[in-house]
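Inspection log for the structure reproduced underneath, given as structure tokens.
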Amino acid sequence: MAKNTCAICGAEVNLFTGQALADKTYICRKVCAKKCLKIFDFVPATLDEVKSHIEQVEKGTKVWNQIFVPLQKTKVKEEKLKRFGKNGELYVSPSTGLIALTENRYKIFIFGKSTIACVYRLADLYGYDYESETVKNSEGKEETKHYCI
């Protein structure tokens, strides 16, 4: 079995411990791949894209802890965060003009919770389209779901 090295930290990786990227480089799953959000797709990504994503997550986590965490506990109605998603993965702060995509991480089951985030400016959203889809739920009733893409 061929052994390669992680292009970021230099650790030795193999078929099971390494993640291949589009530019034929490898990163380790144990350390470097865990620094990314789980929704990040490694297969079409290059090493530069992975490095910039890791940097974006580090900066976003700092902004999350400095700005969004205090706004979660605020009593002022205008500063309250708007939460979207089943588990609250997307937070919008109208008072600051920021949007955060978050992911909760746990050390052991439900203990040792930490949150990592990517934070964007609302002004950077340059376009979106609405899609709607009619589906049948478990009771056989039709319901329409709307998506913003």
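The values are calculated or read from the model by the stated rules, or taken from the named source; none is laboratory data. All values reported here derive from a predicted model rather than from experimental measurement. FYI the Cβ positions are ideal-geometry reconstructions off the backbone, even for glycines, and counts take in every protein chain you see. Accessible surface areas use protein heavy atoms only, side chains included; no ligands, DNA or RNA. Shrake-Rupley method; radii C 1.70, N 1.55, O 1.52, S 1.80 Å.
Table for the structure above
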read-out: Qualifying positions in the stretch 70-121 - under 21 Å from Ile39 (Cβ atoms) and among the small types (Gly, Ala, Ser); value: Gly85, Gly88, Ser93, Ala100, Ser114, Ala117
read-out: Cβ-Cβ under 7 Å pairs, at least 6 apart or on other chains, the stretch 59-88 side more than 16 Å from Ile116 (Cβ to Cβ), far side polar (S, T, N, Q); value: Leu71/Ser93; Glu78/Ser95; Glu79/Ser95; Lys80/Thr74; Leu81/Gln72; Leu81/Ser93
read-out: Some residue of the stretch 134-146 being open to solvent by 80 Å² or more (accessible area, probe 1.4 Å), modelled with pLDDT under 75 and not β-branched (Val, Ile, Thr); value: yes
read-out: Test: Lys24 is open to solvent by 70 Å² or more (accessible area, probe 1.4 Å) and at positive phi; value: yes
read-out: Subset of the stretch 27-61 [open to solvent by less than 20 Å² (accessible area, probe 1.4 Å) and in a loop (DSSP other than H, G, I, E, B)]; value: Cys32, Cys36, Leu37, Ala45
read-out: Matching residues, the stretch 1-34, being of a type in the set (Val, Ile, Thr) and touching a helix residue (DSSP H, G or I) at 6+ places or on another chain (Cβ under 8 Å); value: Ile8, Thr25, Ile27
read-out: Where a residue in the stretch 93-105 is β-branched (Val, Ile, Thr) and its partner, wherever it lies, is assigned to a loop (DSSP other than H, G, I, E, B) and surrounded by fewer than 19 Cβ atoms within 10 Å (Cβ to Cβ), with Cβ under 6 Å and at least six apart; value: Thr102/Glu89
read-out: Matching residues in the stretch 24-38 - criterion: being closer than 20 Å to Val119 by Cβ and free of Cβ contacts under 8 Å to residues at least 12 places away in the same chain; value: Lys34
read-out: Any pair with Cβ under 9 angstrom, 6 or more apart, that starts in the stretch 109-133 at a residue that is more than 22 Å from Pro70 (Cα to Cα) and ends at one that is modelled with pLDDT of 85 or more and part of a strand (DSSP E or B); value: Asp124/Ile99; Leu125/Ile99
read-out: Lone unmet requirement of (1) under 24 Å from Leu122 (Cβ atoms); (2) in contact with a strand residue (DSSP E or B) (Cβ under 8 Å, 6 or more places away or on another chain); (3) assigned to a helix (DSSP H, G or I); (4) of a type outside the set (Lys, Arg) for Val92; value: (3)
read-out: Residue match in the stretch 6-23 (condition: small (Gly, Ala, Ser) and within 24 Å of Val119 (Cα to Cα)); value: no
read-out: Of residues in the stretch 95-132 being part of a strand (DSSP E or B) and at pLDDT below 80, the one most open to solvent (accessible area, probe 1.4 Å); value: Tyr130
